[in-house]
Amino acid sequence: MMTIQASIDRMADINRFATTAAVRRLRVASALVVCALLALASGGASWAAEPAAAPSAADSSIAIRNFMFEPMSLVVAAGTKVTWKNFDGEPHTIHSIDDAFRSGALDQNDTFSFQFDKPGTYRYACSIHPQMIATIVVR
Amino acid sequence: MSDQDPIVPSRRRALRCLAFGGAGTLFTLAGGVLTPVELALAVTDRTAAAAAGVPLFVQISDTHIGFNKEANPDVAGTLRQTIELVNAMPASPALVLHTGDITHLSRPEEFDTAAQLLSQLRVTELHTTPGEHDVADASVTEYFNRYGQASDRRGYYSFDHQGVHFIGLINVLNFKANGLGALGPTQLQWLEADLKGRSASTPIVVFAHMPLWTIYEPWGWGTADADQAMGYLRRFGSVTVLNGHIHQIVQKVEGHITFHTARSSAYPQPTAGDGPGPGPLKVAADQLPKMLGVSSVTVQRHPKTLLLTDTTLA
C-alpha cells in the first residue's frame, strides 16, 4: 500500500531529524544570543519594538479538549519542541496533512511531542476526528 | 429491541433481560431488496425466522476493544454477549461483516483480544473493513498485518456469496482536510471496474466504516467522494450500503439504494450535533443494553429479496 509505505518512509525521516534536533537547537539558541547582543549594541530599539508574541524557542504545549486543539493556531521559533496532551475521554491523534509528523492514538492524558526544526506552515488534524484541524507556523 | 415485538411471552422477555443492549442487524434478501429484521425477534421466533428466508449475514460494528471508560467499562463482555446472540440464531448465517473500529487504539493487544473473541462466532467467514480507530497507530500496520490479506493490504475488495456481490470499501485512510472520510481516486477506479459488466439484477451489498452519505458534516459523519461511488451503483436494482462509525441506526433510501448504519456492540454516541463531539455517551446501566446491537440480513428466494433486521442486546 503506497500511502503506508510513504508514511513509514516519513517516520524514518522524522527519526533522522530527531537525532540532529539537539544540535540544531543549540545553533538556534546561539543565533538568538548573537541577535540579542547586536540589538543591544545598536541601542536595543529594533529588538524592543518586537511584539511580545514574537516566537521563542522555549518548549510549547497544546491541549486537546472537547474535540479541539488549544490553541488552534500557534507560532513558534524553529527548534521548538511542541507537546500535545489529550484531556478528552475519546482518543485523538496528531497527523500533519503532508505526513511530516504523525502520532499514534493518544488515550486520555497521553502526550505526543515533535520538534519543529524547519520553518514553514504545518497544518494538522486528528485522523480519528478529521474535523479537528489546527496550524503551527514555524519561523 | 424494536417496535415490532409487541405482545408475546415470558421467554422473549427472559431473553431480552439476558441480552445486553445493542446486538446487531440481521439481513435477509427478498425480491432483490435487503430488509433489516429485529435480531432478537429472529432468535425468539423460529417460525418467523424460517419464513423470512435464508440467513445471509450478520453485521457487527464498532466493538472498540480496549475502551474502558464509564460509558461501558466492559466492552469485551458486551461483545461476548453479542456473539452469543448471533450464535443463538436458529439458522446460523454463513458470514459476519465487521464494519470497523474493531479496536479502540489500534494496539496489538487490543487486536489480539478482539480476534480471540470473534473466533467464538459460529460462522464460516468473517469479513472486515477498518475504522479510523483501527488505523490510528503511527505506522498504520497493525490492522493490515492481521486483516490485510483479503484486500492485498489495500483495504478494499469484493466477493460473491449466494448470488449477492459484496464490496468492502475503506474510507478512513485518506481523509480530506474538510473533515470527511474519503475513498480516493484509485479505489473509485477499482470500484468502477469491479462493477462493470455485472448484471443490474445482481443484489449488491457495500460495506465501509464511515457513512457513505453525509449525515452530519461538522462531526465528519460522511464520505467526501461517496457520490462518485453511488454513481457506479445507481443502475443496480438492489444496493444495500452498510456502515458503522456513528454507533446508532440511521437509515435512508434513495432510488434502489438503501443506506443503513449499525449500532455498536460497545457504547452509544450522541445524536448528530448534540454536545461538543461524537464521543462515548454515558447512559443509565439499564438503558445501555437497549442501545447496543447487531444487524442481520436474510435472503428470500422467491422473489429474491434481502431483509434487514436490527437487534439489541436487550
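Data for the structure
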{"quantity": "Members of the stretch B:161-180 found to be more than 10 Å from every other protein chain (Cβ to nearest Cβ) and modelled with pLDDT under 90, listed by number", "calculated": "B:Q162, B:G163"}
{"quantity": "Answer from B:S158, B:S199 - the residue that is in a loop (DSSP other than H, G, I, E, B) and more than 13 Å from chain A (Cβ to nearest Cβ)", "calculated": "B:S199"}
{"quantity": "Residue within the stretch B:237-245 that is surrounded by fewer than 16 Cβ atoms within 10 Å (Cβ to Cβ) and farther than 22 Å from A:F87 by Cα present", "calculated": "no"}
{"quantity": "Some residue of the stretch B:185-203 being among the aromatic types (F, W, Y), closer than 30 Å to B:L288 by Cβ and surrounded by fewer than 24 Cβ atoms within 10 Å (Cβ to Cβ)", "calculated": "no"}
{"quantity": "Identity of the residue in the stretch B:107-136, within 14 Å of chain A (Cβ to nearest Cβ), under 19 Å from the mean Cα position of the chain (by Cα) and assigned to a loop (DSSP other than H, G, I, E, B), that ends up surrounded by the fewest Cβ atoms within 10 Å (Cβ to Cβ)", "calculated": "B:V135"}
{"quantity": "Residue check, B:L183 under 22 Å from the mean Cα position of the chain (by Cα), assigned to a loop (DSSP other than H, G, I, E, B) and at pLDDT 95 or above", "calculated": "yes"}
{"quantity": "Identity of the residue in the stretch A:89-133, within 12 Å of chain B (Cβ to nearest Cβ), under 11 Å from the mean Cα position of the chain (by Cα) and assigned to a strand (DSSP E or B), that ends up modelled with the lowest pLDDT", "calculated": "A:S96"}
{"quantity": "Test result for B:S139, over 14 Å from A:H129 (Cα atoms), surrounded by fewer than 18 Cβ atoms within 10 Å (Cβ to Cβ) and facing chain A (nearest Cβ under 10 Å)", "calculated": "yes"}
{"quantity": "Among (1) over 14 Å from the mean Cα position of the chain (by Cα); (2) within 13 Å of chain A (Cβ to nearest Cβ) - the single one B:H64 does not satisfy", "calculated": "(1)"}
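Let's see how each residue does on (1) among the small types (G, A, S); (2) touching a helix residue (DSSP H, G or I) at 6+ places or on another chain (Cβ under 8 Å); (3) more than 13 Å from chain A (Cβ to nearest Cβ); (4) over 27 Å from B:P93 (Cβ atoms):
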site	(1), (2), (3), (4)
B:H209	no, yes, no, no
B:D225	no, yes, yes, yes
B:Q228	no, yes, yes, yes
B:R234	no, no, yes, yes
B:H247	no, no, no, no
B:S265	yes, yes, yes, no
B:G277	yes, yes, no, yes
B:S295	yes, yes, yes, no
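The values are calculated or read from the model by the stated rules, or taken from the named source; none is laboratory data. Quick caveat, the model's predicted, so the values are computed rather than measured. Glycine gets a Cβ as well: all are built from the backbone with ideal geometry, and neighbour counts include every protein chain shown.
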